[in-house]
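Values quoted throughout were computed directly from the atomic coordinates according to the rules given, and no laboratory measurement underlies them. What you see is a predicted model; the values in this text were computed from it and never measured. Reconstructed Cβ throughout: ideal geometry from the backbone, glycine too, with neighbour counts over all protein chains shown.
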Amino acid sequence: SMFLDDSPDLSNAVICSPYLLFKHKDMFYKCPYALLFSNQTQLTDDLLSETLTQYTAMSSDNTLHHNSRVAVFLYSAQHFAGVVYENNQLLLHKTYHRYTVRAKQGTVQGIRDGKGNAPKSYGASLRRYNQIALFADIEKLLLSWADTLNGCSVIFHRTATHNRHVFEKLKEKLDNKKHKIRTIPFTTYRPTLKEAERVYKLLTKINKVFEKEFQNAVDAKNSRENVEPDPITKPSQQPKVNPKSKAVVSTQSTGAQKLRMRQLTPRERCLLAAEARLAAQGGRGSTSGKCTNCETGLDGLVPFERLQFKYCSVVCVREHKDKL
């Protein structure tokens, strides 16, 4: 039986990324937003109603499954997996694997070459060849599936930004490509047939949820909308500061601090850090009096001690030691 007989209630529909929660006939539902709409789509009652008619009721697992053709592609480094489902049945599938990443390095050879000083070993040459061959295999596969993919209601993919041009030739053969090709809105793992099937099941299910979960999402949305920014912290009311002068002052002070720290011994650095920690704790253990070297008041400070002398800083410790 078809899922919808009339339009759902979108008055309280909530986008809780990456999910869309909505109410229909006193029931509450949750599904991936990317399943129904692309990021460029304006959500309306009629559009949601029309989209949801592609679903059929499945009471066995308390979910609603997609009733049209959907494709999922996963491409990461040296692995690729692609599946096409129609009416919840596996129609096409293909996986590829080629050696393109050096063991324990975690970087594709092409990206490593782009950093300069490209290695000239046999292994590096093999990885370069395999990277080109894998790309060609995927591109050829997508073109051979073009007619089938053109009949898909949506095509999901998880592909690194630098590899997304693998879909360019396919896009030329697709209708409504702007809204048809969408990214997967959650984390995926190594591209395998099993992983592609898992991703498909997560993407194409509308789950029934409890009213409490739905209401919590609505309350969170309302609280975000009702929060008014503090007028004191509005950017327009803050004093304008020249970013160049601010950067110069910050650089100068940071440079002076680094120069001072380089002049200290490791033990003096430890003492300086201890002083900072005690000062942050409210000056516990502080004393009164004056620095033996510069006669600065020690009120509220934890002094540095050497023999019977007390100092305000490690610099004074060194200077007084040199005087003696």
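State, to one decimal in nm, how far the label point of Ser153 lies from the label point of Asp299, with both points 7 Å from Cα in the Cβ direction.
For Ser153 paired with Asp299, the spin-label model returns 7.7 nm.
Hey, what did segment 77-186 get for relative contact order, percent, Cα under 8 Å, at least 6 apart?
Averaging sequence separation for qualifying contacts and normalising by length gives 20 percent for segment 77-186.
Given R₀ = 30 Å, what would the calculated FRET efficiency be for Asn216 paired with Thr183, taking r from the Cβ atoms and rounding to 0.05?
With a Förster radius of 30 Å, E is 0.65.
I want to make sure I understand the PRE zone here: with the label point 7 angstrom from the Cα of Leu324 toward its beta carbon, which residues in segment 301-316 have backbone N atoms less than 15 Å away?
Under cut-off, by backbone N: 304-316.
Within 14 Å, Cβ to Cβ, of Asn130, how many net charges do the neighbouring residues add up to if Lys/Arg are +1 and Asp/Glu are -1?
Taking every other residue near Asn130 into account, the sum is +3.
Which of Lys140/Lys208; Lys94/Lys169; Lys171/Lys205 have a Cα-Cα distance over 28 Å?
In this structure, Lys140/Lys208 lie more than 28 Å apart at Cα.
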